[in-house]
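*Asks:* Quick one: this structure, given as structure tokens, is what I'll be asking you about.
Read the figures in this text as sums done on the coordinates, not as results from a lab. Here the structure is a predicted model, which is why all the values come from computation and not from measurement. Here the Cβ positions follow ideal geometry from the backbone for every residue, glycine too, while neighbour counts run over all protein chains shown.
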């Protein structure tokens, strides 16, 4: 008997190890594919039971859509990576639903205080904060809404649509990382909210009028942000505190090239030079938004990363650094200045230039674009409007400043923020 028990325990251990290897050692399957263990349900009709709305069929979590309400985890979670795969019932009209994050307290009307990652057909990727849940986003996508049932609430509209046709499976990857919540649909970043309320809360799936199916609801807890990893606002939207200007023109004044208007950092493009941070940074995720002013002629510009002190090049203008291009129609390309050490994709690299991995995905002139540079150790990743456009390795790792170019054409910046990364 002892031998049999030992063998059974060993087999169970092997199975659990295999599952951990497949899903990640810390991954938790919130939906087990068999039943609704670990979940509870709220509906606006107290006489309706969970099984009248939610059921498991052939490994799928099926929501009938009526009455209004939501299924929620019995446990609370605060910081995590959440994967949710969903589809609208094939052959039926798609409708509305959502993934509820950081649920706090009891429902008011049919929703609790929470952040909603929208699943409504055609609007998946929008984000809302209900009943006092705070979140922020870029000014052109941030909105305040008033509803007769829900009162006033805030929302951040998605950057773009990445949904598949109704009836096909979609994949949500949701990162709740301290005060920042990021939404990725089918591999494309579609939204990011900042200054979100950080609290431990339940996770919910909405019943909101149409049949919807889920097949994977998996959570990986992540460490809470340390003080060192909290977001740093590099541009305060008011003045140029924390920045200095350098130009080969000895008569150049910072206010003639860079100024602040209505929370936007405006660059005239002349004379050539660069605005650099007073502080140095080593490993970080840098995000900013830029646009070519409406009615102007777009041109050349770039974000200078790991700016090293010392000799300047190309007419004593540019420092030794990595230039992440913002050149119109070429945003995301890499240029090295002063033979800055790094290795780009050999199929796309010629000399000091590494071309983009994908076609241009910049927005029309006058619209805001989002740029992100992730520097960690000897690796650099560049994203434009949520899509990875370039990766470099063997990057020289050193504390250095960050700079914005002035290079001949007017350009505007806003929401310049940095999050330090631990190696």
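*Asks:* Based only on the alpha carbon positions, what is the Kirkwood hydrodynamic radius of region 118-254, in angstrom? If you can, show how the numbers build up before the last one.
*Replies:* Numbers: mean 1/r = 0.0558 Å⁻¹.
Final number for the Kirkwood radius of region 118-254 is 17.9 Å.
*Asks:* Also, I was wondering about something else. With the crude spin-label approximation of a point 7 Å out along Cα→Cβ, what separation in nm comes out for residue 260 versus residue 220?
*Replies:* Label at residue 260, label at residue 220, 3.8 nm between them.
*Asks:* Can you work out the base-10 log of I(q)/I(0) for the chain at q = 0.13 1/Å, using the Debye formula on its C-alpha atoms alone?
*Replies:* The computed values of log10 I(q)/I(0) come out as -1.13.
*Asks:* Rounded, prolate or oblate: which fits region 327-413 when a ≥ b ≥ c are the square roots of the eigenvalues of the alpha-carbon gyration tensor, with rounded for a/c under 1.5 and prolate only if a/b beats b/c? Present the calculation step by step, with values, prior to reporting the outcome.
*Replies:* Numbers: a/c = 1.67, a/b = 1.40, b/c = 1.19.
In terms of gyration-tensor shape, prolate.
*Asks:* Please compute P(r) over all alpha-carbon pairs of region 217-287, binned at 10 Å starting from zero, and give each bin as a whole-number percent.
*Replies:* So the P(r) values, bin by bin, are 16, 37, 26, 12, 8, 2, 0.
*Asks:* Eigenvalues of the Cα gyration tensor times 5, then square-rooted: what semi-axes does that give for region 64-138, in whole angstrom, largest first? Present the calculation step by step, with values, prior to reporting the outcome.
*Replies:* Values: eigenvalues 92, 46, 36 Å².
So the three semi-axes of region 64-138 are 21, 15, 14 Å.
*Asks:* OK, next. Is the shape of region 174-215 best called rounded, prolate or oblate, per the rule: a/c under 1.5 gives rounded, else a/b larger than b/c gives prolate, else oblate, with a ≥ b ≥ c the square roots of the Cα gyration tensor eigenvalues?
*Replies:* On the way: a/c = 2.51, a/b = 1.41, b/c = 1.79.
The shape class here is oblate.
*Asks:* Moving on. Sticking with the crude label model, points 7 Å out along Cα→Cβ, report the distance from residue 378 to residue 283 in nm, one decimal please.
*Replies:* 1.4 nm
*Asks:* Nearest 10 degrees is fine. How inclined is helix 2-23 to the longest principal axis of the chain, computing both from alpha carbons?
*Replies:* Helix 2-23 and the main axis of the chain meet at about 40 degrees.
*Asks:* Given a Förster distance of 22 Å, report the FRET efficiency between residue 393 and residue 236 from their Cβ-Cβ distance, rounded to the nearest 0.05. Show your work: numbers first, answer last.
*Replies:* Values: r = 34 Å, r/R0 = 1.54.
After rounding, the FRET efficiency stands at 0.05.
*Asks:* Right, something else. Assuming 1.306 mPa s and 10 °C, estimate D for region 70-110 with Stokes-Einstein, Rh taken as the Kirkwood radius over Cα pairs, in µm²/s. Mind showing how you got there, number by number?
*Replies:* Details: Rh = 13.1 Å.
Answer from the Stokes-Einstein relation: 121 µm²/s.
*Asks:* Also, I was wondering about something else. Quick one: plug the Kirkwood hydrodynamic radius of region 228-420 (C-alpha pairs) into Stokes-Einstein at 20 °C, 1.002 mPa s, and report D in µm²/s. Intermediate values should be presented prior to the final figure.
*Replies:* Details: Rh = 16.6 Å.
D = 129 µm²/s.
*Asks:* Right, another one. Of all alpha-carbon pairs in region 26-224, indicate the percentage at a distance above 32 angstrom.
*Replies:* Every Cα pair in region 26-224 considered, those over 32 Å come to 7 percent.
*Asks:* Modelled label-to-label distance, residue 168 and residue 60, 7 Å Cα→beta-carbon offset: nm?
*Replies:* Here the answer is 1.6 nm between the modelled labels.
*Asks:* Would you mind computing the Rg to Rh ratio of region 251-314 from its alpha-carbon coordinates, Kirkwood style for Rh? Numbers along the way, then the final one.
*Replies:* Values: Rg = 13.7 Å, Rh = 14.3 Å.
Rg/Rh: 0.96.
*Asks:* When the helices in the chain are scored as -39500 (n - 2.57) per DSSP H run of 4 or longer and the sum is shared across all residues, what 222 nm value do you end up with, to the nearest 500 deg cm²/dmol? Can you show the working numbers first?
*Replies:* Details: 3 runs with 30 residues, N = 423.
The per-residue figure over the chain is -2000 deg cm²/dmol.
*Asks:* Right, another one. Within 10 Å, count the other beta carbons around each residue, average over each peptide in 365-374, 127-136, 110-119, 245-254, and list them highest first. Working shown, then result.
*Replies:* Details: 365-374: 17.8, 127-136: 20.0, 110-119: 23.9, 245-254: 14.0.
For the peptides 365-374, 127-136, 110-119, 245-254, the packing ranking is 110-119, 127-136, 365-374, 245-254.
*Asks:* Using 1/(1 + (r/R0)^6) with R0 = 41 angstrom and r between the beta carbons of residue 136 and residue 312, what's the FRET efficiency to the nearest 0.05?
*Replies:* On the way: r = 38 Å, r/R0 = 0.93.
Once the sixth-power term is evaluated, E becomes 0.60.
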